[in-house]
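**Q** Take a look at this one; I'll ask things after.
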Amino acid sequence: MEAAPDLSAVSALALQVDLLQLPPEIPAPGAPALRGVLDHLFAHWLSLPDTVALVSCLAQKAKANGMGGFTGGAMLPSMMMQGGANVPPLSPRSPRLSRKPSGVGGHPNRCASPLRPATARAVKEVIPQFYFRDGRPLPYEQKRQCISIVEQLFAGHSNGLRIQEFRMVTRELCKLPSFFTTVLFGKIDKDNTEFVTRDAFMDFWVNSNMMTMDSATQVFTILKQPDHDYLTKEDFKPVLRDLLDNHPGLEFLKSTPEFQERYAETVVYRIFYCLNRIGNGLLSLRELKRGNLLDSLRHADDEEDINKVLRYFSYEHFYVIYCKFWELDTDHDFFIDKENLIKYGNHALTYRIVDRIFSEVPRKFTSKIPGKMCYEDFVHFILSEEDKSSEPSQDYWFKCIDLDGNGILTHIELQYFFEEQLHRMECMAQEPVLFEDILCQLVDMIGPEDDTFFTIKDFRRCKLSGHFFNVLFNLNKFMAFESRDPFLIRQMREEPSLTDWDRFARREYIRLAMEEDGEDASNASGDVWDESLESPF
């Protein structure tokens, strides 16, 4: 028969209160109310089956080692540690301090105390997944609504939707401009079956988490080639073709395919001029997100008058750019040289700035012919020339003036370009202005951090950067600014949302349209005159 445990030895143990890891609501040691609670807890602990077995085992081991008893104060920590781990006792704490878990470095804490019920132990915090390689999964409710809309749109089309029927899916379900229908249809219909089935659309748009992406990432993913992480000019051609075929404001161009192509090229060149700030012809996702292309695409999709979409898509803007190029390209070989460009704006530019442009310092020409500027190069030039307040234009002209390419404009570099301006003013019988006076005006105009030189950051903070560059190499605009044309000032106040390029394009289009109408009228009057001179018999 197994010997009963020696409870008298156990009752003589000096109870260490801190080891009990009591909750805060238990009274502090020494309080009268604590004695009854401790007695109750200790009696309960002794009555547990595990405690009885533990005490019996310890008593037998003590007898076997020849010890008539054991010291409770030295054994109690080992008795309370799970697995009998050999750890030092907890440091004594003031009763006034709140008892907090001390689970540092693997030490036992309140959660591991056998005196605390399981429900009172702290729940381990679970960090939710925050990275998803293919995008965050769609919430169940949103996915259910999407499936319901897909079922409605594909109802009655067991074989799938044709491309014209798919336009509703692009606009209403995918929330993309309708001009992406062709390229999106081609992405899904990889086998060229001319149909997009419900299952194929679900796999591409829902199951691949396309819905969870932002609009810019969706457009980037749809347009780019599978093995590329960038967009090229060729990637925009399907969107522009869809725009030309379906936009009511461009329907009149269907009879002139050659101008359709020129219009599409101009739009793409303008997009890359504004967004591709590196100038490598490869548009990244970051550049696409930083731009306003998606807003312009949606505006074009909602607006029937394409000329009201001033960013990128206005046909009037294309007309002005193309006619300006055609006027300078006298031999119509679609290239212009220095002698052609010097005539721009009624000989407004200096020879020195034209030389810098053709040295390809601000931008490498895409013509691949030395000394020749192609249409794409001219688009970049005219956009920079007519709106010098935009950031791409500031970069363009800053590089032209920065002769040594060190990233700052010194007074010597400014004087080099102004010398020709001063000479031209003298030839036109204008009162010459000393460079020292001009330099003071330029410093006051830009307000650089250091008055001894100018940086590109100085121009970013100033709205008068266009006048700064005009003073150096565009005599006509310099004189216009000095005269303070009240008509231009009133225009700027009435329409502050328009850029300098918008105002220039409007004026030039009106002028070009009046010239064309005048030519038509003269031709018509000539026809009438010729008919009147015909012999009556």
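**Q** With each pseudo-label sitting 7 Å past Cα toward Cβ, what's the T221-R424 distance in nm, one decimal?
**A** Reported label-point gap for T221 and R424 is 5.2 nm.
**Q** Determine the alpha carbon to alpha carbon distance for each of K237/K372; K233/K289; K237/K324 and list only those over 22 Å.
**A** Details: K237/K372 26 Å; K233/K289 17 Å; K237/K324 24 Å.
With Cα atoms farther than 22 Å apart: K237/K372; K237/K324.
**Q** For K254, which aspartates and glutamates qualify as cross-link partners when the Cα separation must be under 17 Å and same-chain residues fewer than eight apart are set aside?
**A** Straight-distance partners of K254: D242, D245, E265, E304, D305, E316.
**Q** With all protein chains present, how much of the accessible area of the range 255-389 (probe radius 1.4 Å) comes from carbon and sulfur, to the nearest whole percent? Numbers along the way, then the final one.
**A** Details: 2940 of 5880 Å².
Carbon with sulfur: 50 percent of the solvent-accessible area.
**Q** Next question. Quick one: if you stick a label point 7 Å off each Cα along the C-beta vector at F481 and T232, how many nm between them?
**A** So the label points at F481 and T232 sit 4.0 nm apart.
**Q** OK, next. Please enumerate, by chain and number, the aspartates and glutamates with C-alpha under 13 Å from the C-alpha of K175, excluding those fewer than 8 residues away in the same chain.
**A** Reachable aspartates and glutamates: D214, D295, D301, D302.
**Q** By average Cβ neighbour count within 10 Å, what is the ranking of 49-57, 379-387 from highest down?
**A** Averaged packing, sorted descending, gives the order 379-387, 49-57.
**Q** So which GluC sites (Glu not before Pro) in the range 426-507 end up in coil per DSSP with only 14 or fewer other C-beta atoms within 10 Å?
**A** Sites meeting the loop and neighbour criteria: E449.
**Q** Same structure, new question: Give me the distance in nm between label points sitting 7 Å out from Cα along the Cα-to-Cβ direction at K143 and A53, one decimal.
**A** 4.7 nm
**Q** Where a Cα-Cα gap under 15 Å defines reach, which aspartates and glutamates qualify for K364, not counting those fewer than 8 residues away within the same chain?
**A** Filter leaves D337, D355, E376, D377, D395.
**Q** Which ³J(HN,Hα) values in Hz, rounded to whole numbers, follow from the phi angles of the range 266-280 under the Karplus curve 6.51 cos²θ - 1.76 cosθ + 1.60, where θ = phi - 60° and Gly and Pro get x?
**A** 5, 4, 5, 5, 5, 4, 6, 4, 7, 9, 7, 5, 5, x, 8
The values are calculated or read from the model by the stated rules, or taken from the named source; none is laboratory data. Remember, it's a predicted structure, so these values are computed and weren't measured experimentally. Because the Cβ atoms are built from the backbone with ideal geometry, glycine has one as well, and the counts that use them run over all protein chains shown. In case anyone asks, the SASA skips ligands and DNA or RNA and just uses the protein heavy atoms, side chains included. Shrake-Rupley method; radii C 1.70, N 1.55, O 1.52, S 1.80 Å.
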